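In what follows, a structure is listed as C-alpha cells, so that the remarks can point back to it.
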Amino acid sequence: MRFQSSNYPATMVNNSMNCSSLFVSDNNNLWLAFINGAFGEALIDDNVTATAQTIDFESNYDVRTYVSVTGMMRFQFLNQFQITQPWIAFDAVVLPFSPSLSSDCPFSGQTITLDNETIIPIASDYGIFANPRNNYDTTTNGMGFNVSIVDPKVMYLMGSELNIMYTNVSNELNEFFAIISAVPISAHRVEGCTYKPMSNGRTIISNIDYINGYNEFSTCAYNISIQSGYEAIFEVMEFWVEAGVDKLTVSKDMQVYEIKNAEYFKIKPDLDGSMFKFVADGNIRQAGFSAAFTPIKCECAPSAFVIPCNGSTTLTPLSNGISEYCDNQDCNYTISLDSSCAMDYYTINPSADLRNTSWLAIYVNGSVFQNFTEYGSPEHIPFPRNTNLTIVFHSGKSVSPFVFGTPRWSIGTTAIATPTTTKIMLNSTSQPTFAIWLDDMPADQAITVCSPDNDLELFIANGFSLGEFNLYDSDGLTNFIST
C-alpha cells in the first residue's frame, strides 16, 4: 500500500505535525520503504524493539527501508516542533510478505500493471537475509542486457512489458535499491520557474512550491553570461527534486555538469554562453529548487585594511566582502588598527578552504607566521597594535571550468582592550612551580610566567581543551606558539 504524508507533496510545516500510523498484518512480516520526501527524526517501532531512528531523511541522499517480523509496525514523528526546513513531506510503500519469502526480493514473482500513479520500490532483499548480487538482467520486449550498478542512475526503457531478474553471481554482499515507474515517452513541457534579478547582479531562479510541488513535465532555462574579468558563483539554496531523474544541469556544447545537491559552485569564463536548465519527467514531484547566479569581479580588495575601533570587520580576497576568489590572482594586504582607537591590541581570525596550488601567507614583522595551502580552521589570535601584519595571497588555476564547492578565505578582525596581566616569577628555591585552574580565568586575562634560572615546562591535565587559549613565548602577546 502507498503511505504518504497528507496531500503529498504539500508540506506539513505550519500544519498539524502529529503523525503516527500503525500497520498490522496477521501472519505476515512488514516491509516499509521510503521513496521520496524529507523529514527530521522519526521512530519505527515493531511492538517489540524500537529500531534505529531516521534522522534528517532526504530521499535525494538516503535510502531508508525497515522490516518488522512481528506483523506490526508503528511510524511516528519525533521532535518536529523544532524544525528549521520549510518542506516536510514523505512518500512510502508498506508491503506485507510471508515469512517463507524472507530470502526473496520485495515484489518478487508479482505481475504489476503500471500507470502514472504507480511507483514500485525494489531491493536486493527485505533486510532479514543477505542476498549477495552484483548485477541484474532487465528484459523488455524480449531483448535482454546486463547492467552493473555503481552510482545512482536513471534508465528509460521502451516497450510495453518489463521483466526484471536478479541473479546471485558472487558471494560478496552487493545491495541495491531502485524505483520503477511509468513515464510518458514525450510530453508537452511547461515553463515552471521564476526569475528575480537583484541590484548587485545576482539572479534568483526558483520553482519552489511547498504546497503543490513543481508542475509535472515542467522545465526552465537560464542563459549564463560571464563578462571578461569576472567569474560567477552558482549557489543552490534548496534542492528537493527527484535526484538523478528531474535534473538540474549546466551545459555548453558537449560539456554537461549535473547538480545533485544544495551546494556552491564556481563557474569560470570558459562557460560564458552556457545554459542552466531544469527538466522534470512528470511522475514523482517534490517541493522544487531555488538557486542564485552571482557574477564576481576578479579584482583584489583594497590593499590597506584598517580595523575599526568598534565591532568586527572581515578581510576578504575580493571587494564587497566576497570571500570567494578567482583563478590566477595575486593580492597583498596590510592590516592595521585605526590610529584613533584607544585599544592597543586587535585579534585576527583566519579561515581558509583553498584549491589548486593556491596559498595564503600571514607575515608578522616580516617573518612567515602562518601559511595555508588547503584548509585552515578559525582561531582567534591577538596582536599588539604596532605589529607589522601583511597578508600575501596567490590563487592557482582550476582544473575544470565548473568547480564543485567554492574555494575561499577570510580573516575576521576585532579591536580589543589591553589584557589584564598577572605576572608570576619562578625560581628554583622559593617558588619552583605555579598552578592555575584554567576554568577560572576570565576572558581577556593574561598570565605571564617567567624564570631567570631555568627553562619552563607547561603541563596540562588530561581531558582539558585549550581551544580558547593562546600560548606565547614572550613577556607579552608576541612570539605566538599555538592555540
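Residue check: Pro302 meets all listed conditions (1) modelled with pLDDT of 95 or more; (2) in contact with an Asp or Glu (Cβ under 8 Å, 6 or more places away or on another chain); (3) in a loop (DSSP other than H, G, I, E, B) but one, namely (2).
In region 252-268, the condition of being among the acidic types (Asp, Glu), assigned to a strand (DSSP E or B) and surrounded by fewer than 16 Cβ atoms within 10 Å (Cβ to Cβ) is met by at least one residue. Residue pairs whose Cβ atoms lie under 7 Å apart, separated by 6 or more positions or on different chains, with the first residue in region 120-134 and modelled with pLDDT under 70 and the second among the acidic types (Asp, Glu), are Asn131/Asp125; Pro132/Glu172; Asn134/Glu172.
Within region 422-447, being more than 21 Å from Glu379 (Cα to Cα) and either in contact with a strand residue (DSSP E or B) (Cβ under 8 Å, 6 or more places away or on another chain) or surrounded by 12 or more Cβ atoms within 10 Å (Cβ to Cβ) (or both) holds for Thr422, Lys423, Ile424, Met425, Leu426, Asn427, Gln431, Phe434, Ile436.
In a residue-by-residue description of region 322-338, the property of being over 29 Å from the mean Cα position of the chain (by Cα) and under 14 Å from Gly396 (Cβ atoms) applies to at least one position. Reported count of residues in region 371-400, each being over 20 Å from Leu337 (Cα atoms) and at pLDDT 90 or above, is 11. Counting only residues that are part of a loop (DSSP other than H, G, I, E, B) and over 27 Å from the mean Cα position of the chain (by Cα), region 339-364 holds 6 of them. Does Ser430 meet the test of being within 22 Å of Tyr375 (Cα to Cα) and either outside any loop (DSSP other than H, G, I, E, B) or not basic (Lys, Arg) (or both)? Taking the combined requirement at face value, the residue does not satisfy it. Filter region 401-420 down to the residues that are loosely packed, with under 13 Cβ neighbours inside 10 Å and either on the phi < 0 side of the Ramachandran plot or not small (Gly, Ala, Ser) (or both), then identify the one that is modelled with the lowest pLDDT. Per the criteria, the residue is Thr420. Would you confirm, using the coordinates I've provided, whether Asp253 is among the acidic types (Asp, Glu), out of contact with any Phe, Trp or Tyr (no Cβ under 6 Å at 6 or more places or on another chain) and closer than 26 Å to Gln85 by Cα? Answer is no for this residue.
Here is a list of conditions, (1) in contact with a strand residue (DSSP E or B) (Cβ under 6 Å, 6 or more places away or on another chain); (2) crowded, with 19+ Cβ neighbours inside 10 Å; (3) within 30 Å of Val241 (Cβ to Cβ), and Phe97 meets all of them except one; can you say which number that is? Tallying (1) in contact with a strand residue (DSSP E or B) (Cβ under 6 Å, 6 or more places away or on another chain); (2) crowded, with 19+ Cβ neighbours inside 10 Å; (3) within 30 Å of Val241 (Cβ to Cβ), Phe97 fails exactly one: (3). For region 368-391, the criterion of being at positive phi and either of a type in the set (Gly, Ala, Ser) or over 27 Å from the mean Cα position of the chain (by Cα) (or both) is satisfied by no residue at all.
The values are calculated or read from the model by the stated rules, or taken from the named source; none is laboratory data. The structure displayed is predicted, hence computed values, not measured ones. Counting neighbours? That spans all protein chains shown, and the Cβs are built from the backbone with ideal geometry, glycine included.
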